[in-house]
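A.B. asks: Just passing along the structure, written as structure tokens.
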Amino acid sequence: MPHVTAKGARLYYEEAGSGRPIVFVHEFGADLREWEQQVRWFSREYRCIAFNARGYPPSDVPDSADLYGYEHSADDVLAVLDGLGVDRAHIVGLSMGAYATLQFGLRHPARALSLVAAGVGSGAPYEHRALFKQQAEATAQRFLDEGSAVVAEEFALGANRVQLLNKDPRGWKLFKDHLAEHSAVGSAHTLRQYQAIRPSLYDYEKEFAACRLPTLLIVGDEDEPCLDVNLFLKRTMPTARLWMLPATGHAVNLEEPAAFNAGVHAFLSAVDRGCWKPRDPRASGRDALPMGKPE
């Protein structure tokens, strides 16, 4: 099995296609298999690379809790690029992977062609931080006490997951079955060391305002925990645009694969052609009745 070496862990990866590279970064409840519909589509024109995060076999599952966390997740993307000899790539992430994608853009901007952050923002609002941490800690203990298969049954029926069940029962079951196979130890460490204690995205307002990487934000309109933070990111990042999918929950790439692929493809094409421009400063007004000044 192919692996690259990161700090404290070996990371399993798969790749397909040729051309400009895209690296896909998965969410907490998924692994690289949930990017299959994207890899099969984009590999027609791009070199697609998907990898399993640390804690997700066949990547290593470190025993030490210190080898997990948001810094590791961002730097693991860099390790994949370095291990495969890739100078710069488009980085596409979902949820936990989208947080890593944004962090990668802040920490290693010279290595990114663009950022796609889908379903990012759970636990970011300050008023939700304590409850989010409490729930992450409790779920981590459940993974250890009851096992991944038990937790998967409830996790897959969350308020922003039932949309996938309603649209695509076969796809939802495959997602749930994959989650049931995850390492309980790896999931628990990820929840405690990454999800529960990662800084809020609101803490990086100054850094996001200075970021000039082309960025596409994607969120489902029924992904309630992520709606407000995506508006914040859109307003803060001058090169970010926000795309909201109707009647859609958290796993936007699984719920609406055709729309997701088309939207991301259009974004990448614009970036590759040099057509993705910063937002016109005149579009940043928040007046109730916006009025422009004649030139």
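No value in this document is a laboratory result; all are computed from the given coordinates. Only a predicted model underlies this, so the values are computations on that prediction, with no experimental measurement involved. A quick note on method: Cβ atoms are made from the backbone with ideal geometry, for glycine too, and the neighbour counts reach across all protein chains shown.
A.B. asks: Where does each of Thr215, Thr236, Thr5 land when they are ranked from fewest to most other beta-carbon atoms within 10 angstrom?
C.D. replies: So the ranking, lowest neighbour count to highest, is Thr5, Thr236, Thr215.
A.B. asks: Residue separation times 0.36 nm, minus the C-alpha to C-alpha distance between Lys173 and Ile197: what's the value?
C.D. replies: 5.6 nm
A.B. asks: Would you please name the GluC sites (Glu not before Pro) within the range 150-194 that are DSSP coil residues with at most 10 other C-beta atoms within 10 Å of their C-beta?
C.D. replies: none
A.B. asks: Residues with beta-carbon under 11 Å from that of Val86, excluding Val86: net charge, scoring Lys, Arg +1 and Asp, Glu -1?
C.D. replies: Net local charge, Val86 excluded: +1.
A.B. asks: Could you work out the local net charge near Trp35, counting Lys and Arg as +1, Asp and Glu as -1, over the other residues with Cβ closer than 12 Å to its Cβ?
C.D. replies: Taking every Cβ under 12 Å from that of Trp35, the sum is -4.
A.B. asks: Right, here's the next one. Only Cα pairs under 8 Å and at least 6 apart count here; give the relative contact order of the chain as a rounded whole percent.
C.D. replies: 18
A.B. asks: Still on this structure: Per the Cauchy relation, a quarter of the hull surface: what is the mean projected area of the convex hull of the alpha carbons in the chain, in nm²?
C.D. replies: Directional mean of the projected Cα hull area for the chain stands at 15.7 nm².
A.B. asks: Then there is this: At a Cα cut-off below 25 Å, give the lysines reachable from Lys167, other chains included and same-chain residues fewer than 8 away excluded.
C.D. replies: Cross-link targets: Lys176.
A.B. asks: Run the numbers for Leu106 and Ala210: contour at 0.36 nm per residue of separation, minus the present Cα-Cα distance, in nm.
C.D. replies: Result for the pair: 36.5 nm of gain on full extension.
A.B. asks: Based on the mean of other beta carbon atoms within 10 Å per residue, what is the order of 165-177, 67-79, 182-194, most packed first?
C.D. replies: 182-194, 67-79, 165-177
A.B. asks: Taking 22 Å as the cut-off for C-alpha to C-alpha distance, list the pairs among Lys234/Lys277; Lys206/Lys234; Lys133/Lys173 that go past it.
C.D. replies: Those over the limit are Lys133/Lys173.
A.B. asks: Quick one: among Ser64, Ser122, Ser269, which has the greatest mean-square fluctuation in a GNM of the chain with alpha-carbon springs under 10 angstrom?
C.D. replies: Top of the fluctuation ranking is Ser64.
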